[in-house]
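K.L.:
Can you keep this structure in mind? I'll have questions shortly.
Values in this text are rule-based calculations from the coordinates and carry no lab data. Model, not experiment: these values are computed from the prediction. Glycine also receives a Cβ, built like all others from the backbone with ideal geometry; neighbour counts cover every protein chain displayed.
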Amino acid sequence: MPWKEKQDAITGQQASSSAIERKTRCNHQAASILNCHRKKKQDAITGLQASSSAIERKARCNYQAASIFKCHRKKNKMQSPGCKHLQVQ
């Protein structure tokens with residue numbers, strides 16, 4: 001095999017090796033980006049679920065507070081001197 005053909009074969013192998021390395025690097029970067037997007041999406045879903053739970057807890061607390069407040073108002077109203085309701089003693 002003449003020297004030029006050997007050199008071309010070596011150069012071709014090096015080019016092929018470089019192309020494979022570039023492709024591997026690109027695949028690795030793409031996988032990293034995909035994992036990052038998955039994590040962001042999962043974090044967003046988790047955040048929405050946490051937010052939803054917090055809203056439900058707040059609504060429950062507000063409902064309980066309103067019930068207690070209404071109960072106190074009703075007791076105060078029934079105990080006032082001008083109340084026409086039956087007063088329990």
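K.L.:
Can you tally the net charge around residue 45? Count Lys and Arg as +1, Asp and Glu as -1, for every other residue whose Cβ sits under 14 Å from the Cβ of residue 45.
P.N.:
+3
K.L.:
Using 0.36 nm per residue, how much length does the chain from residue 9 to residue 64 gain when fully extended, once their Cα-Cα distance is taken away?
P.N.:
11.7 nm
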